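Here the structure is laid out as structure tokens; the discussion comes afterwards.
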Amino acid sequence: MATELLSPLLPQRRRGLAVAAAVPLLALLLVVVIFFHAPLPTTVSSPERVDLTLVAGAREKGAVCLDGSPPGYHLRRGFSSGSHNWLIYLEGGAWCNTAKSCFARTVSSFGSSKFMRAVKFSGILGNDHLENPDFYDWNIVVVRYCDGASFAGDAEGEDPDGTKLFFRGLRIWEAVVDELMGKGMDTAKQTLLTGCSAGSLAALLHCDNFRRRFPQEVSVKCLSDAGFFIDVKDLSGERSIWSLFNEVVHLHNVREVLPKDCLQNKDPTECFFASELIKSISTPTFILNSAYDSWQIQNVLAPDGSYPGQAWSSCKTDIRNCSSTQIDVLHGFRKKLVSKLKVAEDKRNWGLFIDSCFTHCQTPFNISWHSPISPRLDDRTIAEAVGDWYFGRRQDVKLIDCEYPCNPTCSSRLSTA
């Protein structure tokens, strides 16, 4: 049975950071249609089913999921002019920050390949040129996320009952890339490393390492979709996301992938945030994010337990329910996120698409990537903006939306978190 590629959020809860449930593409389509009061676009095709491949010799390399099973990926071969181009997409799914929460993932695809099935490719992964005009014929790889720390850790542990756990995200990354190089990626002419949410953070962590795998004449770039998590205090004044990242960094031992220049001056936890990572990345990178990122608003700014009563419950579920006072708070979140992006804005050959949609992860869905009702900036869909940047069709593709609710192409969008 094939499954839809889900919004990359694993259901889990912790004090101050409750992770929202994933939403399949079909549900997203229906929800957005309701809010736009429009019929489904006739150009939406059936997503392509792509089978799972387990990494060969993974156990011998110690490149295993949390439960010790081999990691996996889905490869759809390119064709025509795209047969020598490669797009690597790192699946997201939040993080596990304790032995207990990591053990809980071992009974799902987020911690064990035993539960992984074929997935359906759409959006930036799709093979229809009308829905994915620039990358439809590339070799497309979705790397499954089963380590719990953005493909970054290298350690071992035990759950409270003594069951052994493997925190081997870095080894998984290296083993998958090595295997793909042996399957033709070593002769790539153009490559793009991307991902969504926790997978997007992973793309930033490994961006320069990925660049070093190829000769200088090969075009290598990175795309971060909804991975720009910021260190912001929640409504109760606590640094919930910092606390989570701090626990992840130390439990999984992610220090090896963090920028050395950052580690010389800052705590490793700070260096795990995108705002610090982008200071060290030299590879051309495109940052795609909502300035009102629904996951961050729901789980970082206003997590359960950070506010009295039900004052924020309806607001953080649907931005249209927010009061003027709450909107002011969200504007403050946007202001801080945009200020953190100044580093990227000033970098030559980098790109930005920062919309005002109340959403999280936009590349893997046809409806948000490139469709008649996709969000637009400068009259361009996300797909058009990314393509313009990657192929150099336009100079300085750095688009930052105005404050909610000024953009009619997304002001009524429902969260995909």
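Read the figures in this text as sums done on the coordinates, not as results from a lab. Note that the coordinates shown come from a computational prediction; the quantities given were computed from them, not determined experimentally. Note: ideal-geometry Cβ built from the backbone for every residue, glycine included; neighbour counts use all protein chains shown.
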(message) Starting from 0.36 nm per residue, how many nanometres of slack lie between Thr163 and Ser236 once their C-alpha separation is accounted for?
(response) 22.7 nm
(request) Please express the shape of the stretch 97-154 as an equivalent ellipsoid: the semi-axes are the square roots of 5 times the eigenvalues of the C-alpha gyration tensor, given largest first in whole angstrom. (result) 31, 12, 8
(request) Determine the alpha carbon to alpha carbon distance for each of Lys189/Lys398; Lys183/Lys279; Lys183/Lys342; Lys233/Lys398; Lys183/Lys398; Lys120/Lys221 and list only those over 29 Å. (result) Lys183/Lys279; Lys183/Lys342; Lys183/Lys398
(message) If you restrict to DSSP beta bridges whose two residues both lie in the chain, what percentage is antiparallel, to the nearest 5?
(response) 30
(request) For Gln395 and Ser243, compute 0.36 nm times the residue count separating them, minus their Cα-Cα distance, and round to one decimal in nm. (result) 50.8 nm
(message) I'm a student and want to see the number: the projected area of the Cα convex hull of the stretch 79-183, averaged over all directions, in nm².
(response) 7.4
(request) Give the order of Tyr404, Tyr145 when sorted by the count of other beta carbons within 10 angstrom, beginning with the fewest. (result) Tyr404, Tyr145
(request) Sort Glu276, Glu403 so the one with the fewest other Cβ atoms within 10 Å of its own Cβ comes first. (result) Glu403, Glu276
(message) Tell me the relative contact order for the chain as a rounded percent, counting alpha carbon contacts under 8 Å between residues six or more apart.
(response) 18
(message) Taking each pair of distinct Cα atoms in the chain once, what is the resulting Kirkwood hydrodynamic radius in Å?
(response) 21.2
(request) Whole number please: convex hull volume per residue, Cα atoms of the stretch 142-195, in Å³. (result) 85
(message) Using a Förster radius of 45 Å, what is the FRET efficiency between Leu54 and Ser314 based on their Cβ-Cβ separation? Nearest 0.05, please.
(response) 0.55
(request) Would you please give the FRET efficiency between Gln264 and Asn321, computed as 1/(1 + (r/R0)^6) with r the Cβ-Cβ distance and R0 = 30 Å, to the nearest 0.05? (result) 0.10
(request) At 7 Å along the Cα-to-beta-carbon direction for both Lys100 and Glu256, put a label point, then send me their distance in nm to one decimal. (result) 2.9
(request) Obtain the nm distance between the two label points defined at Thr187 and Glu345 by a simple spin-label model: each point lies 7 Å from its Cα along the Cα-to-C-beta direction. (result) 4.5
(message) Full-extension gain between Asp379 and Ser80, please, as 0.36 nm times their residue separation minus the C-alpha to C-alpha distance.
(response) 104.7 nm
(message) Taking the number of other C-beta atoms within 10 Å as the exposure measure, put Arg334, Arg168, Arg393 in order starting with the fewest.
(response) Arg393, Arg334, Arg168
(request) Taking the convex hull of the Cα atoms, report for the stretch 156-253 its projected area averaged over all directions, in nm². (result) 8.5
(message) Given the DSSP H assignment, sum -39500 (n - 2.57) over each helix run of at least 4 residues in the chain and divide by its residue total; what's the result at 222 nm in deg cm²/dmol, nearest 500?
(response) -7500 deg cm²/dmol
